[in-house]
Structure formats: structure tokens, C-alpha cells
Amino acid sequence: MELPAYYNDLKKAWQKSVALMCEGVGSNSHGMHTVTIATEANDKPDLRTVVLRSFDELTKTLTFHTDSRSHKVSHIVMNPNVAVLAYSYDEKIQLRMHGQAIVHHQDALTRERFDGVTPSARRCYLSSDAPGTTLDDPTVALAEIFQTDSYDKNDTECAYEHFAVVEVKLTSLDWLYLHHQGHRRARFEFDGETTKQQWLVP
Ligand SMILES: Cc1cc2nc3c(=O)[nH]c(=O)nc-3n(C[C@H](O)[C@H](O)[C@H](O)COP(=O)(O)O)c2cc1C
């Protein structure tokens, strides 16, 4: 079987990582449509799945959308150092990233993104209490109208109050490619315009 171009080429390994993340943003059936975000709070790590909403190769920045009242947001406010994990089963490529997170709330970026969120998806930011609040009974914690089909975009404008965009500026990316002839692993470190790249023992 022919080896992929990135097997022995660091630049191509980086380009493949960028391509995978961009494909993940664009397709909800892609392995990197969702990524795992790790935060830290009170000396304890925490992880959760989020949908990858953008990746910018130039600034090495990814974004995801969330509820401004969620635990992950308070974790990031306390400690902006996060880790991000992505895996493509089809390509056998794992990306382990570190970065600094910034929470956007009620600014130009959140306005632009919110305008593109469907009425149905806006319901994620409309729970009466913060995500993670304890309940006596199982419920979706949404007003009656949002549990029907009879609401429109205008009805969901109030979701903007809790809508947040988290931007993660990557500081490093650990790339692992699994192959029966021998795995490949590389580290990319980003500092402003500079990228340091290095092969590693897999
Ligand atoms: C497939 C999938 C996609 C998800 N996408 C998001 C997302 O884009 N944003 C988000 O805040 N939560 C998303 N969630 C829910 C989170 O994993 C998590 O349960 C929730 O945000 C609460 O996390 P927290 O308590 O750490 O803030 C998703 C869950 C799954 C299973």
C-alpha cells in the first residue's frame, strides 16, 4: 500500500492536520466534527465533547459555541489553559493540542455567529437555569413553546443572552499517525509567526 505524502514530511503532516480540522468544521459526518476539550478547575481535569465551528490555519485558532453559564466557561475564566483532542478513525490520525482559551460574550464575533445559528440550535442556550443545575425531575428546562415546532427565529433571539463563542489559540499540536509499517509522531509548537516542528518517537 502506498504511503501517504505526510509519512516522512513534517510540513505535509501539518497541512494534513489543517485539512482534517477544516473538513471537520464543514461536515457533521466527519470524525473531527466534534473534538474533546479539557479544562482544569480546583486541581481537577474535566473533559467534554463540543462541535468544532472554525479552524484558522494562519492564527492557529479554533472556535466552538457554548452557553456562557456552563461550567467549562467558568473553568476557562479561572484558567485559560486548555487541551483539545481530535481523532480521525478513517485517517488514523490523532491530534493533541494545547492552547489558550478566550470566552466571547455579547461582542461582534458572538453577534455574527449567533445570526447563523438555526432557531432549533438556539434552544441550547435557552434553558431556564444554567447547564448543570440540579433537578428534582428529568426535564429539558425549556419554556413550553420551545418544546413544540411553533417558534421562529424571532422567538429565539433571547438565547443571545447566554450564547458564547470560545476561541482557542493553539500553542502546540502533537500529531500521531498510525500505520502498520511504523507509526509517525511529530510535535508542532507555535509562537507568534514562528512554528517549531519536530519528529518524535511514536
Ligand atoms: C456530540 C456532542 C456535541 C456537543 N457539542 C457541544 C457544543 O458544541 N457546545 C457545548 O457547549 N456543549 C456541547 N455538547 C455537550 C457537552 O459535551 C457538555 O455535556 C456540556 O456542554 C456541559 O459541559 P460543562 O459542564 O463542562 O460546561 C456536546 C455533546 C455531544 C455528545
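Nothing in this text is a laboratory measurement; each read-out follows from the coordinates by a stated rule. Since we're looking at a predicted model, the values are computed, not measured. Counting neighbours? That spans all protein chains shown, and the Cβs are built from the backbone with ideal geometry, glycine included.
For region 115-176 versus region 49-96, the spacing of their alpha-carbon centroids is 17 Å.
Each Lys or Arg adds one and each Asp or Glu takes one away; over the other residues whose Cβ falls under 10 Å from the Cβ of G99, this sums to +1. Could you please report the charge total around A38, scoring K, R as +1 and D, E as -1 over all other residues with beta-carbon less than 12 angstrom from its beta-carbon? Within the 12 Å Cβ shell, the charges total +2. Database remark: amide H of S172 closer than 5 angstrom to the amide H of H98, F190 (H placed geometrically; neighbours at sequence offset of 5 or more, or on other chains; Pro and chain starts carry no H). The C-alpha atoms of the chain define a longest principal axis, and helix 10-26 lies at about 20 degrees to it.
Per-residue Cβ neighbour counts within 10 Å put S54, S127, S150 in the sequence S150, S54, S127, beginning with the fewest. Among the chymotrypsin sites (Phe, Trp or Tyr not before Pro) found in region 29-113, those both in a DSSP coil and sparsely packed, with 10 or fewer other Cβ atoms within 10 Å of their Cβ, are Y89. As a proxy for reagent exposure, ranking T134, T110 by other Cβ atoms within 10 Å from fewest up yields T134, T110.
Taking each DSSP H run with n ≥ 4 as -39500 (n - 2.57) and averaging over every residue of the chain yields -5000 deg cm²/dmol at 222 nm.
For K44, K169, the sequence from fewest to most other C-beta atoms within 10 Å is K44, K169. In this structure, I145 and D115 have a Cβ-Cβ separation that, at R0 = 22 Å, corresponds to a calculated FRET efficiency of about 0.55.
Rounded to the nearest whole Hz, the Karplus-based 3J(HN,Hα) values (6.51 cos²θ - 1.76 cosθ + 1.60, θ = phi - 60°) of region 55-68 follow the sequence 9, 10, 5, 5, 8, 6, 10, 10, 9, 9, 9, 7, 8, 5, with x at glycine and proline.
Compared with the alpha-carbon gap, the fully stretched path from H180 to Q198 is longer by 4.3 nm at 0.36 nm per residue.
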